[in-house]
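First comes the structure, then the notes that go with it.
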Amino acid sequence: MDSIKKYVAEFIGTFVLVFAACGTAAKVGDKVTGDGSATTAYLLTALAFGFVIVAMAYSIGNISGCHINPAVSLAVHISGKMSAKDFCGYIISQFLGGIVGAACLGAVMGFDPAVNGFGANGLYNNSIGQSIFIEILLTFIFVLAILGVTSKPEFGNVAGIVIGLALVLVHIFGIAFTGTSVNPARSFASAIFAGGAALANCWVFIVAPLVGGALAALVWKFLSEEKK
């Protein structure tokens, strides 16, 4: 029963992330001014993702740990803090939660990709290589922050805020490049409804965050390993 509760919590958390944060991105868009500089839409979107993480961390965090991101779950699994069974359960729950979140977003904003882009990610300069590199780095930074702040019980009271701010940071930087994924479940959910190029290139935003999360776990294990 405890495992089921964890999976339900991950479903709910990812649902909220896609519906509210990707919904913000879809509504405000990635508009730029006439001279090409970003408007407050970038900041609004970044804050929406961060605020969702903070809200979910202090609501479902004590149930599932509030991963709501396969890259985070992979890092936790590699770190030896999650069983293979729970890892699979989390991944399935996260993807299903994201899909339902995107479907509800479509019910609100419509399913026409020309009107509702579902906050889908896109390649930077139509370059797969550059986009993969960017997403690996951003996910590495984000997941490393998570592993660090959750490594000691005394950080528990501020962990949700730190993780939320870390997500805001990588979004502020990455939105102009790829739209910032760092989360395969969020990207897949948006892509299947946005279709077109977003769906065709979706694998980039699944593979790269997983690689970034795995690298963060390996680096953290090295940095935190006690001397014998």
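Values quoted throughout were computed directly from the atomic coordinates according to the rules given, and no laboratory measurement underlies them. Quantities reported herein were computed from a predicted structural model and do not represent experimental measurements. All Cβ positions, glycine included, derive from the backbone under ideal geometry; neighbour counts span all protein chains shown.
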Return the distance in nm (one decimal) between the two label points of a simple spin-label model at GLU154 and MET109, each offset 7 Å from Cα along Cα→Cβ. 4.3 nm
Starting from the stretch 122-228, pick out the GluC sites (Glu not before Pro) whose DSSP state is loop and whose Cβ has at most 11 other Cβ atoms within 10 Å. GLU225, GLU226
Could you give me the radius of gyration and the Dmax of the stretch 101-211, taking only the C-alpha atoms into account and expressing both in angstrom? 15.1, 47
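Starting from 0.36 nm per residue, how many nanometres of slack lie between TYR58 and SER83 once their C-alpha separation is accounted for? Spell out each step's value before the answer.
Working: separation 25, 0.36 × 25 = 9.00 nm, distance 2.33 nm.
Gain on stretching TYR58 to SER83: 6.7 nm.
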Among the lysines in the stretch 2-224, how many pairs, 8 or more places apart or on different chains, have alpha carbons under 15 Å apart? 6
Stretch gain in nm, segment ALA176-ILE128, where the contour uses 0.36 nm per residue and the Cα spacing is subtracted: 15.7 nm
Amide H within-cut-off set for TYR124, under 5 Å, with H built and near neighbours excluded: SER131
For the chain, averaging the sequence separation of alpha carbon pairs under 8 Å that lie six or more residues apart and dividing by its residue count, the contact order in percent is 30 percent
Sorted from largest down, give the three principal axis spans of the alpha carbons of the stretch 2-224, whole angstrom values. 48, 34, 30
How large are Rg and Dmax for the stretch 20-130 when calculated on the C-alpha trace, in angstrom? 16.5, 51
Would you mind computing, in nm to one decimal, how far apart the modelled labels at LEU165 and SER3 are, each placed 7 Å from Cα along Cα→Cβ? 3.7 nm
